[in-house]
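Written out below as structure tokens is the structure these notes cover.
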Amino acid sequence: MSRRKKRRRGEEEEAPAPSPFDQLSGLEGLPEGKVEEPAPTSRRNRKNTNRGRVDIIRETAHRGGKVVTVVAGFKGIGLPEKQELAKKIQKTYGVGGTVKDGRIEIRGDLGDEIYEIMEEAGFNPVFAGGWG
């Protein structure tokens, strides 16, 4: 036999208890609650305008006299972002380049052009070594 009690015919079920919030719907003239302003968004949603110094260097050593512009000194960014910056420079100016040893190497003498792109990306570019 089961432990449940069998209902007798003719017994009515108990009505559910009224909700305490039902009584609040009839009240009027209550002050409005405070509207909280949303918390400021994280820094990830905004463009970072101070990402540190990067050096723009012109090199010809071990390249058969060809000029290569190197962007070095990145701090706090990973390889994918460096590759993205290199790709942007390459497509914008129609030149070749690569990312080696944490530095962006672009073929040609493009110091001023690279300076603009680095500023746009939020870095503080500085000409170093070989610009004279």
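All of the numbers you see were taken from the coordinates with simple rules; none came from a lab. What you see is a predicted model; the values in this text were computed from it and never measured. Counting neighbours? That spans all protein chains shown, and the Cβs are built from the backbone with ideal geometry, glycine included.
By per-residue mean of other Cβ atoms within 10 Å, what is the highest-first order of 14-25, 67-78, 52-63?
Values: 14-25: 7.4, 67-78: 16.9, 52-63: 15.0.
In decreasing order of mean packing, 14-25, 67-78, 52-63 become 67-78, 52-63, 14-25.
Give me the extension gain from SER19 to GLU37: residue separation times 0.36 nm, minus the current Cα-Cα distance, reported in nm with one decimal. Don't jump to the answer; show the numbers that get you there.
Values: separation 18, 0.36 × 18 = 6.48 nm, distance 3.10 nm.
Computed gain between SER19 and GLU37 is 3.4 nm.
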Quick one: 3J(HN,Hα) in Hz for the range 25-35, Karplus 6.51/-1.76/1.60 with θ = phi - 60°, rounded, Gly and Pro as x. 5, x, 7, 10, x, 7, x, 6, x, 6, 9
Backbone HN-Hα couplings from phi across the range 104-118 [Karplus 6.51/-1.76/1.60, Hz, Gly and Pro as x]: 9, 10, 10, 6, x, 9, 10, x, 5, 5, 5, 4, 4, 5, 5
Roughly speaking, what is the centre-to-centre gap between the range 94-129 and the range 58-80 when only Cα atoms are used, to the nearest Å? 7
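Name the shape class, rounded, prolate or oblate, that the alpha-carbon gyration tensor gives for the range 46-128, where a ≥ b ≥ c are the square roots of its eigenvalues, rounded holds for a/c under 1.5, and otherwise prolate holds if a/b is larger than b/c and oblate otherwise.
Details: a/c = 1.67, a/b = 1.59, b/c = 1.05.
Cα axes put the range 46-128 in the prolate bin.
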